[in-house]
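The values are calculated or read from the model by the stated rules, or taken from the named source; none is laboratory data. Just so we're clear, the structure is a prediction, and the values are computed from it rather than from any experiment. Cβ: placed from backbone, ideal geometry, glycine included. Neighbour counts: every protein chain shown. When the accessible area is computed, the model is the full protein with side chains, heavy atoms only, and any ligands, DNA or RNA have been set aside. Shrake-Rupley method; radii C 1.70, N 1.55, O 1.52, S 1.80 Å.
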Amino acid sequence: CMLQRSGWSTKDPVKPATFVACIIFTSLSPAEYKAVPGTQWCVAVYSICFVFSLLIVFLTIAKLSSIFPFSFDKAVISFNILAVAMYATAVVIWPLYVFDRNPRPDNCNLIYIYIFFFLQCVCFICYNINNDVFVNNVFFF
């Protein structure tokens, strides 16, 4: 499997994205996302990407990627492309819906919104970096 040969498990940007997703989950309050379908989509994006990232990290660390009847490398690339697309929608949708419901938030809520947006961008960047590194390792080395 290309994952183990490329050293992917030791320098994987999915790990920081998974850690940042944990921070996002702990900072979420149900009142912030249950009222509007757009914010529910964003939480679904975080959840789906978090679960699949944990699964990929676990399978890579446990060296179980060879048990699949398909190319694990290509499955990871497909997940990364999907994660980037999903996070791109979340980065756009969350601020639109949060500011739409609350056009003049107080300072405390405004800081929360900006921090949350920053964490989303960090995850988005991590998945983009992961795509670039992994595609280069699989297809060009």
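Condition test on Cys108, is it modelled with pLDDT under 75, part of a helix (DSSP H, G or I) and either closer than 20 Å to Phe50 by Cα or open to solvent by 30 Å² or more (accessible area, probe 1.4 Å) (or both)?
Criteria met by Cys108.
Would you pick out the residues in segment 39-60 that are touching a residue at least 24 places away in the same chain (Cβ under 8 Å) and under 12 Å from Cys22 (Cα atoms)? Spell out how you get there, then give the answer.
In the first step, residues of segment 39-60 are kept if they are touching a residue at least 24 places away in the same chain (Cβ under 8 Å); the result is 39, 41-42, 45-46, 48-50, 52-54, 56-57, 60.
The answer is Tyr46, Cys49, Phe50, Ser53, Leu54.
Among the residues of segment 1-40, which ones are assigned to a helix (DSSP H, G or I), at pLDDT 75 or above and either of a type in the set (Lys, Arg) or farther than 19 Å from Val122 by Cβ (or both)? Across segment 1-40, the qualifying residues are Pro37, Gly38, Gln40. Quick check on segment 27-44. Is at least one of its residues under 13 Å from the mean Cα position of the chain (by Cα) and hydroxyl-bearing (Ser, Thr, Tyr)? No, because not a single residue in segment 27-44 is under 13 Å from the mean Cα position of the chain (by Cα) and hydroxyl-bearing (Ser, Thr, Tyr).
Hey, any hits in segment 51-66 for a residue that's of a type in the set (Gly, Ala, Ser), more than 18 Å from the chain's Cα centre (by Cα) and at pLDDT 80 or above? Yes, segment 51-66 contains at least one residue that is of a type in the set (Gly, Ala, Ser), more than 18 Å from the chain's Cα centre (by Cα) and at pLDDT 80 or above. Residues that are small (Gly, Ala, Ser) and closer than 23 Å to Ile125 by Cβ were ranked within segment 41-81; the one that is least open to solvent (accessible area, probe 1.4 Å) is Ser53. Cβ-Cβ under 6 Å, sequence separation 6+ or interchain: first residue in segment 84-95 and more than 13 Å from Asn128 (Cα to Cα) and assigned to a helix (DSSP H, G or I), partner open to solvent by 40 Å² or more (accessible area, probe 1.4 Å) and not basic (Lys, Arg). Which pairs? What qualifies is Val91/Phe124; Pro95/Phe117.
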